[in-house]
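First the structure, in the form of structure tokens, and then the observations on it.
The values are calculated or read from the model by the stated rules, or taken from the named source; none is laboratory data. Please read these numbers as outputs of a predicted model, since none were measured by experiment. No Cβ is skipped: glycine too gets one built from the backbone with ideal geometry, and neighbour counts run over all protein chains shown. Only protein heavy atoms, including side chains, enter the accessible area calculation; ligands, DNA and RNA are left aside. Shrake-Rupley method; radii C 1.70, N 1.55, O 1.52, S 1.80 Å.
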Amino acid sequence: MKISDISIKRPVFAVMMVSVFVVLGIFGYFTLAVNLYPNIQFPIITITTTLPGASPKEMELDVTKKIEDAVNSASGIKHIMSMSSVGMSVVTVEFHLNKNIAHRYQTVTADVNAILDTLPKNINTPVIKKLSVNSSPVMWITLYGNRSKRFLSFYAEKVLERKFERLPGAGQIIMGGVRNRRMVFHVDNNEMTNHGLGVNQVINAIESQSVSLPTGNLKTGTKTYFTYLKGRFHTAKEFNRMIINNYLGVPVRFSQIGHAVNYEAPETSITTFDGKSTVGLGITIKTHANAVRVAAEAKHLLNLVKLSLPPGVKAKVAYNSATYIKKSIESVEFDIIWGALLTVLIVFFFLKDLRITIIAAAALPAAIISAFGFLHLMNFSLNNMTMLGLSLSVGLLIDDAIVVLENIYRHVEGGEDRMFAASNSMNEIGIAVMATTFSIVAVFIPVAFMPGMIGKFFYEFALTVAFAVLISLFVSFTLTPMLSSRFIVHKKEHGFLFTFFENIMAQTTNIYKRMISWSLNHRLIVIVSAIIIFVFSLYLTKYIGKEMMPPSNSGNFLVYFQAPEGTSVRVMKKYSNSLYMVVKKTPFRKTIFMATASGVNGSRYKGLFFISLKNNRNVNQQQIMAILRKRLTKVPGVFTQVMDMPVVGGASANVSPLQVIVMGPSIKKTVAYSNKLLNDLRKTPGLIDVTSNMQFHQPELLIHIKRNMAGSLGVSVSSIAETIDALIGGDINIFKNYNFIYQGHIYNEQIRLFRNERNRVSDIKNLYVSNNEGKLIPLSDLITIKKTIGPQVINRRDLENAVTIYANMSNHVPLSYGVAKINKYMSRIIPKKSLYTYQFSGMASKMNQSFGAMGSALLLALIIVYMILASLYDSFIDPLVIMVSVPFALIGAIGGLLLMHRALSVIALIGVILLIGLVVKNAILLVDFIILSRERGLNKHDSIVEAGSIRLRPILMTTLAMIFGMLPIATGLGVGSSSRAPMAIDVIGGLLTSMFLTLLVIPVLYSYTDNLKGFFKKS
């Protein structure tokens, strides 16, 4: 190998070549952002439109369907989802992942702008946003104390929000639990009638008499004065003294018909922190920002803010995702360090020489540190995926150095000069080392370019592993032979321990030689036995469930709760207090944040508890969630769900792993089919927290107009609507040309009846409306009222009515079980050749897509590995012999998952793909030496036996090094490590079985194929 010869002859040059990568890695490390996951721009765009007071059906017909039709023509759309609720429409457009989201955003924006004229005139401008993995706050800060909610809201919005949004890397500041100041004009219906006033006259008087306007300018001989009319009211006292009208020649002041009060807005949601009423500030981060750094600076700023907080106000960090991110990254670093130490100990155990061990170990820091430079170059961050790649690589990175060192050491033991031995050994082993390394790279490149969301998440992981392995190859071809040529010393006399362990190795080698000889004499028995074991392991897969991701142990989880539809805020307080009394008894709980009216549609009868756990706990998160789930079932009148925090979408998204969407043209039939499935799932053992997004029990009042009477009396329908909207509903948008300004800040204003005049259905008929002549007409003559039940939310998917059903899995029940049950039930519920269909969503959908993508990546990896081996060995047959070792790895992978009661997840499948490259390495070492021995003139049998005896030690060393490097990950004891453990478990199991079977089956199989090659040559 030319590069090795140059390195041996020019040691300083070799050191400098490796140092270049190390130095770049050191500098790159300090510039890397630290985040939980890779920064992913999902091709999802949301269009949010509000029309205050509109019913869900009106929002669907007048807004949602029009927006759906407008954006449906955009190319590359995967799904269109919509949600129409009271006064709000949310249309979500999901594109295929290979589409340019910036271009699609422009297209969607243009499509929506093109139909704005067709939408209702009083809508608020649609808000169009792109979904990002960083859209959820990395930190929540709570503000509480013995001050009013109004004051806390003012201080949070006008002071703290502006401070925190100026932090470097900070994105949008999300406010929670805000209750702002509002000027409320309470009016008395009887007094308004007695003074001949309709609500429109009162509104016009307020808008026209509380104004400040520019009135031009005045020019004198020497100066020009700008003139302003200062007529705006700023206090409730001024409004109460305001003259509304003259009635029978007497001025009517507002205080005669009502009472103005400068107070806080009515409570529409509830937020608490550890049971105390609070206002929350959620800090998000910008794209490519460092989550840990932003959180640290926010915490530092909060400590400074605490020094100047107003009396009676306290601030505290309620949630800090950076804590989990740091601990998760530290856990991976722990795995890397301990994995490296265990790997080095294995090397020392086999080579029994400190200097040789240090030479081999030099590849580890060189490759890992160099990888940081690659991360910086690729604009990656330190996250769970890149760090998982590095922790996974620990055993891999030293493999090449081990093989090279062992071969050089064997040549030195044979009496060669160490300089000559290093060069000669590299010529002998170089092709095998390159083949093994390129095989590893080959299996990870397809992973990096998998389609779908899974490909996005594993892109950084796969490229990190590939680069680190290539650097380790470079080190093993330059630094390792150079150091070996200078520092390897063969001692002829050794101590007791060296002799003892060397004798054990010699005896093991002799036993293995006898086993090879026996296997070559009983080839059919060996092959048939291997096939039987493999087939049996495939049979065992029926006992292994499938899931998207392993259960979390992050220390944070959610409790969703839902009261009956139409529940008031006052009753929601009672429900949330009852739930809090249960939740606060959660074992090892640290903090509890609660909010109602959360999520996209802000339903007042829904809420969530965000629970953080202490780090020093002796039970895992899933056990604690199971305990709490059982206790919450005893709270009457409210439905609860206990679930992990979502990866994307924040706490506003329902993250139940099992989600299925029933779709069809008729909402009635769609609901009927959904109810049947819902009932079946609730009776299914292993499924818990079964619910749906069906919300069709909202109490409604339908007001019908007596049109003939209204027309004859000169009353328009719009004036009736505005009167009811203002006096009963208290619509804050009823004032078109007025804003209340207090102490330099703009607030909403509201006019409505006193509480005692708007708490019965009959109160609506007691109202009066002005006709076109200004006379008051009683509504009782103009309207009829009917009580009914209507939808709270109308959901659609792909332009059809849709109902989503959610379910969680109980402990140790795999997601595949729930998927199979739904397929079984739906085959019975929905008739064949029907217009009604169902689709899986959430984790269930992603699991099927991801497993398909993984299968394609696995197949592509096998093809690429074969092509690389065929090119290196210039043979079509020998690579096939080498790749037979792959099925043997599956035996141990399946057995490991089964023994450890783990399901087959995407993480576990990554381990299976890794196994392809790992187990092929052992087979390469064997076959490569057999071919080399045959070229030297040995017969087939002797070549196989010699290859086995000589390659046994490096095979044992590399395999055990990889196993021990994986042990810290397999234990799953660190923060977040439970999600990484399945990968290590199936890798360890696969390595063990493949090592033993490869050492016996590959020589036998080579013997067979050599006979075949000889037969074809004769033919």
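Summed over the stretch 30-57, residues that are touching a Gly at 6+ places or on another chain (Cβ under 8 Å) and hydroxyl-bearing (Ser, Thr, Tyr) total 2.
Taken over the stretch 841-856, the criterion of being crowded, with 20+ Cβ neighbours inside 10 Å and in contact with a Leu (Cβ under 9 Å, 6 or more places away or on another chain) is satisfied by 842, 843, 844, 847, 850, 854. A single entry from 76, 53 fulfils the requirement of being touching an Asp or Glu at 6+ places or on another chain (Cβ under 9 Å) and surrounded by fewer than 19 Cβ atoms within 10 Å (Cβ to Cβ): 53.
Of the numbered criteria (1) touching a Lys or Arg at 6+ places or on another chain (Cβ under 7 Å); (2) aliphatic (A, V, I, L, M); (3) open to solvent by 30 Å² or more (accessible area, probe 1.4 Å), the one residue 779 fails is (3). Taken over the stretch 278-304, residues that are buried (at least 16 other Cβ atoms within 10 Å of the Cβ) and not in a helix (DSSP H, G or I) amount to 10. Selection over the stretch 7-18 of residues that are in contact (Cβ under 8 Å) with a residue 12 or more places away in the chain and more than 17 Å from residue 471 (Cα to Cα) gives a count of 2. Tell me yes or no: at least one residue of the stretch 116-125 is in contact (Cβ under 8 Å) with a residue 24 or more places away in the chain and among the acidic types (Asp, Glu). Among the residues of the stretch 116-125, not one is in contact (Cβ under 8 Å) with a residue 24 or more places away in the chain and among the acidic types (Asp, Glu), which makes the answer no. Return yes or no: is residue 948 open to solvent by less than 20 Å² (accessible area, probe 1.4 Å) and within 22 Å of residue 352 (Cα to Cα)? Answer is yes for this residue.
Close contacts from the stretch 619-633, counting a first residue that is touching a residue at least 60 places away in the same chain (Cβ under 8 Å) and a second that is hydrophobic (A, V, I, L, M, F, W, C), with Cβ to Cβ under 6 Å and a gap of 6+ residues or different chains, come to 625/557; 625/642; 628/642; 629/642; 632/582. Of the residues making up the stretch 243-292, those that are closer than 23 Å to residue 313 by Cβ and among the charged types (D, E, K, R) number 4.
Listed by first and then second residue, the pairs linking a residue in the stretch 692-708 that is touching a residue at least 24 places away in the same chain (Cβ under 8 Å) to a residue that is polar (S, T, N, Q) and open to solvent by 50 Å² or more (accessible area, probe 1.4 Å), with Cβ atoms under 9 Å apart and 6 or more places separating them unless they lie on different chains, are 692/675; 694/675; 702/784; 703/784; 704/784; 705/784; 706/784. Considering only the stretch 929-945, I want to know if a residue exists there that is over 39 Å from the mean Cα position of the chain (by Cα), assigned to a helix (DSSP H, G or I) and under 25 Å from residue 390 (Cβ atoms). The answer is no, given that none of the residues of the stretch 929-945 is over 39 Å from the mean Cα position of the chain (by Cα), assigned to a helix (DSSP H, G or I) and under 25 Å from residue 390 (Cβ atoms).
Among the residues of the stretch 904-925, is there at least one that is in contact with a strand residue (DSSP E or B) (Cβ under 6 Å, 6 or more places away or on another chain) and open to solvent by 10 Å² or more (accessible area, probe 1.4 Å)? Within the stretch 904-925 (the criterion being in contact with a strand residue (DSSP E or B) (Cβ under 6 Å, 6 or more places away or on another chain) and open to solvent by 10 Å² or more (accessible area, probe 1.4 Å)), the answer is yes, since at least one residue qualifies.
Taken residue by residue, the stretch 659-682 has at least one member that is farther than 30 Å from residue 39 by Cβ, open to solvent by 20 Å² or more (accessible area, probe 1.4 Å), of a type in the set (Asp, Glu) and at pLDDT 90 or above. On the stretch given as the stretch 441-471, residues that are at pLDDT below 90 and of a type in the set (S, T, N, Q) total 0.
Residues that are outside the structural domain of residue 994 (by the TED database) and open to solvent by less than 30 Å² (accessible area, probe 1.4 Å) do occur in the stretch 496-505, at least one of them.
Here residue 875 meets each of (1) of a type in the set (S, T, N, Q); (2) within 27 Å of residue 534 (Cβ to Cβ); (3) in contact (Cβ under 8 Å) with a residue 24 or more places away in the chain with one exception, condition (3). Being at pLDDT below 85, closer than 20 Å to residue 947 by Cβ and either within 29 Å of the chain's Cα centre (by Cα) or open to solvent by less than 50 Å² (accessible area, probe 1.4 Å) (or both) is true of residue 884. Within the stretch 693-746, which residues are among the polar types (S, T, N, Q) and at pLDDT 80 or above? Of everything in the stretch 693-746, those that are among the polar types (S, T, N, Q) and at pLDDT 80 or above turn out to be 693, 708, 712, 716, 718, 719, 723. In this structure, does residue 317 turn out to be within 28 Å of residue 615 (Cβ to Cβ), among the hydrophobic types (A, V, I, L, M, F, W, C), open to solvent by 10 Å² or more (accessible area, probe 1.4 Å) and touching a strand residue (DSSP E or B) at 6+ places or on another chain (Cβ under 8 Å)? Here the answer is yes, as residue 317 does meet what is asked. The residues of the stretch 825-868 that are in a helix (DSSP H, G or I), touching a helix residue (DSSP H, G or I) at 6+ places or on another chain (Cβ under 8 Å) and of a type in the set (Val, Ile, Thr), listed by number, are 829, 864, 865, 868. Quickly run through the stretch 893-903 and pick out the residues that are surrounded by fewer than 24 Cβ atoms within 10 Å (Cβ to Cβ) and either of a type in the set (A, V, I, L, M, F, W, C) or closer than 16 Å to residue 533 by Cβ (or both). If the condition is that a residue be surrounded by fewer than 24 Cβ atoms within 10 Å (Cβ to Cβ) and either of a type in the set (A, V, I, L, M, F, W, C) or closer than 16 Å to residue 533 by Cβ (or both), then 895, 898, 899, 900, 903 are the ones that fit. Assess whether residue 53 counts as being touching a helix residue (DSSP H, G or I) at 6+ places or on another chain (Cβ under 7 Å), of a type in the set (Gly, Ala, Ser), farther than 30 Å from residue 139 by Cα and without any contact (Cβ under 8 Å) to a residue 60 or more places away in the chain. So residue 53 does not fit the description; no. Within the stretch 172-189, not a single residue is over 13 Å from residue 280 (Cα atoms), free of Cβ contacts under 8 Å to residues at least 12 places away in the same chain and open to solvent by 30 Å² or more (accessible area, probe 1.4 Å). In the stretch 89-107, the residue that is farthest from the chain's Cα centre (by Cα) out of those that are polar (S, T, N, Q) and open to solvent by 70 Å² or more (accessible area, probe 1.4 Å) is 106.
Residue 447 falls short on exactly one of the conditions (1) closer than 24 Å to residue 324 by Cα; (2) assigned to a helix (DSSP H, G or I), and that condition is (1). Please tell me if residue 278 is within 29 Å of residue 752 (Cβ to Cβ) and out of contact with any Lys or Arg (no Cβ under 8 Å at 6 or more places or on another chain). Judged against the criteria, residue 278 is a match. Kindly check whether there is at least one residue in the stretch 811-821 that is open to solvent by less than 70 Å² (accessible area, probe 1.4 Å) and either out of contact with any strand residue (DSSP E or B) (no Cβ under 9 Å at 6 or more places or on another chain) or within 19 Å of residue 670 (Cβ to Cβ) (or both). Yes: one or more hits.
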